[in-house]
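Undergrad: First, the structure itself, so that you have it in front of you.
The values are calculated or read from the model by the stated rules, or taken from the named source; none is laboratory data. Please read all numbers here as calculations on a predicted model, not as lab measurements. FYI the Cβ positions are ideal-geometry reconstructions off the backbone, even for glycines, and counts take in every protein chain you see.
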Amino acid sequence: MTEFITLNHGSGGSQTQELITDVFARKFRMQKPLTDSAVLERPGGHFAFTTDSYVIDPIIFPGGDIGKLAICGTINDLAVSGAVPEFISVSFIIEDGFPVKDLVRIVDSMAEEAEKAGVKIVTGDTKVVEKGKCDRLFINTAGTGIFKPGFEKTSTGERIRTGDKLIINGPVGNHTVAVLGARNSLSFSSPVISDCTSLNHLIRELLNGCSGVHFMRDLTRGGLSAVLNELALMTEKGIIIEEEAVPVDEPVKGLCEILGFDPLSLANEGKVLIAVRKEEAEKAVTILRGNELGKSSAVIGDIVGEHKGTVVLSTFTGGRRILEMPSGTLLPRIC
């Protein structure tokens, strides 16, 4: 560990993993594997519990705002764990002088998203701090969900097998580029809208229709690259990804080429990586494409026996390279 915390520790990459493993998980005696939701047992079954904090800049962006982001992020962490999201708590830290009209807009979007997802916001807290002690508005959430029997190990990677196919439900990087554009007043040839959305209905359709789902994780901080590397280390298996198969919209691709970003490492708020038994991959893609949130779903790679603990990218040019865990900070306060 470094002597001081830096923005790199919040990027979702290797520094984040180091902080979580060496400080929080060790001191709190958390059991591995560490997943986006804790899976807890109670009389009658298992339930999922998650928490998150949201500090995006700007707080309103194309396709959403900090409130919608908070609800979607919490719901998605529960849903990719295999749980049915039920209840959410919401806490606000508000800077003195924050416009009430902006707060009302954000709360309205939270209520709308929760209703659309079929989830109830049931409790919360509010703190107001002096000007300069908080950058406008921070939101913390917690959420719970219940498991149908058999889905409680979805997020652990225990079911992963060599030969499994890896699927994502659409193009990556749109959230990051939408926020970057709003932050810096950039214009694009085609509008770039954040993919911020709740995935619980899409995921439930998949789980109800396909018995071969072995793993899911939403692609937030650190993007696809971070999740793939976490999965490889978690399972001690190799992963091969076909770069050409990963959907990336043209405006996102163009900005990445100009600024030197890797779209595979950009944050998303409506994308999920799914590992499916090879024999059911086609069925899974068909189910996903039947939903608006999965219409661009694609098989992007395989779980393999070689390259254990490593992600290998088959590039556009026909070569191969190691796809490493992201390191450093591309953009601060992106989710």
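Undergrad: Tell me, please, whether a residue that is in contact with a Cys (Cβ under 8 Å, 6 or more places away or on another chain) and at pLDDT 95 or above can be found in region 71-87.
TA: yes
Undergrad: Inspect region 162-176 for any residue being charged (D, E, K, R), more than 14 Å from the chain's Cα centre (by Cα) and part of a loop (DSSP other than H, G, I, E, B) and give the result as yes or no.
TA: Yes, that holds for at least one residue.
Undergrad: Among the residues of region 1-15, which ones are modelled with pLDDT of 85 or more and closer than 20 Å to THR235 by Cβ?
TA: none
Undergrad: Follow-up question, since we're still on this one. Helices (runs of 4 or more DSSP H) wholly in region 10-120 with at least 2 residues that are without any contact (Cβ under 8 Å) to a residue 40 or more places away in the chain and not aromatic (Phe, Trp, Tyr) - which ones?
TA: So the answer is 14-19, 100-117.
Undergrad: Just one of LEU186, LEU180, LEU206 is within 22 Å of THR144 (Cβ to Cβ) and either in a helix (DSSP H, G or I) or more than 14 Å from the chain's Cα centre (by Cα) (or both); which is it?
TA: LEU206
Undergrad: Quick one: CYS134 ticks every box in (1) surrounded by fewer than 17 Cβ atoms within 10 Å (Cβ to Cβ); (2) assigned to a loop (DSSP other than H, G, I, E, B) except a single one, so which number is it?
TA: Just one mismatch for CYS134, condition (1).
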